[in-house]
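*Asks:* Below are the structure tokens for one structure; questions will follow.
The values are calculated or read from the model by the stated rules, or taken from the named source; none is laboratory data. Note that the structure is a prediction, hence the values are computed from the model and not measured. Positions of Cβ are generated from backbone atoms using ideal geometry, with glycine treated the same way; all protein chains shown enter the neighbour counts.
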Amino acid sequence: DAGVTQSPTHLIKTRGQQVTLRCSPKSGHDTVSWYQQALGQGPQFIFQYYEEEERQRGNFPDRFSGHQFPNYSSELNVNALLLGDSALYLCASSAAGTGAVMRGEAFFGQGTRLTVV
Amino acid sequence: AQSVTQLGSHVSVSEGALVLLRCNYSSSVPPYLFWYVQYPNQGLQLLLKYTSAATLVKGINGFEAEFKKSETSFHLTKPSAHMSDAAEYFCAVTSVLGGSYIPTFGRGTSLIVHP
């Protein structure tokens, strides 16, 4: 079992550019959540996808958008990048039918380190 | 709203000493509580969870935590620290409020283990 896989592992972008991050959930998982972890901080919830729809959203601007595909993989898109968007972006997956989503329990990927210059 | 406070951004112990990482939460409804560990350049790994069953929860790698409702605490302990325990530890709380089950994470505590 490969667990949660994210790509790329590192990325450098220029202010104003757009970026797409990708996530493949753990086998058997159908719910994907995205988090932003700034340096020295805990992860902050961006949004959650289930059945190809955004189910929950945190306090992030509309520049942050996502998508979930029929195979449950997901993308996070960030437009008009700001220096403050530099962070580790974590993808987490869980299986809705197990109750894990209700408890907020998830398996995390290793993250994508985004640097905006 | 729910919140988590982790007391101490850094905790330093000697190898073999007791590990105590503190977590206090704020929630108006019964919570689910978690401790996650993050090793350098890695994602988060679930250490243990409290889901309203036993108040003393045992996790992986010899860690355990006790849910104390009266103190709104969920401190993480390990009797004897190992060098491999050096990592960042995050406490998280999830409360069922208006259908939202999203965890709120603390700012993390870096555990430093000295030989």
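*Asks:* When B:Gln45 is evaluated against the numbered criteria (1) within 14 Å of chain A (Cβ to nearest Cβ); (2) under 30 Å from A:Thr9 (Cβ atoms); (3) without any contact (Cβ under 8 Å) to a residue 40 or more places away in the chain; (4) not in a strand (DSSP E or B), which criterion, by number, is the only one it fails?
*Replies:* Here B:Gln45 meets the rest and fails (4).
*Asks:* Output the strands (runs of 3 or more DSSP E) that fall wholly within region A:1-90 and possess 1 or more residues being of a type in the set (Asp, Glu) and in contact (Cβ under 8 Å) with a residue 60 or more places away in the chain, or say none.
*Replies:* Where strands (runs of 3 or more DSSP E) fall fully within region A:1-90, none carries at least 1 residues being of a type in the set (Asp, Glu) and in contact (Cβ under 8 Å) with a residue 60 or more places away in the chain.
*Asks:* Go over the candidates B:Gly16, B:Gly59 one by one and state the one that is away from chain A (no Cβ under 12 Å) and without any contact (Cβ under 8 Å) to a residue 40 or more places away in the chain.
*Replies:* B:Gly59
*Asks:* Is at least one residue of region B:69-87 under 21 Å from A:Cys91 (Cβ atoms), part of a strand (DSSP E or B) and either within 14 Å of chain A (Cβ to nearest Cβ) or modelled with pLDDT of 95 or more (or both)?
*Replies:* Keep residues of region B:69-87 that are under 21 Å from A:Cys91 (Cβ atoms), which gives B:87.
The next check asks that each one be part of a strand (DSSP E or B); those that pass are B:87.
From what's left, either within 14 Å of chain A (Cβ to nearest Cβ) or modelled with pLDDT of 95 or more (or both): B:87.
Yes - at least one qualifying residue is present in region B:69-87.
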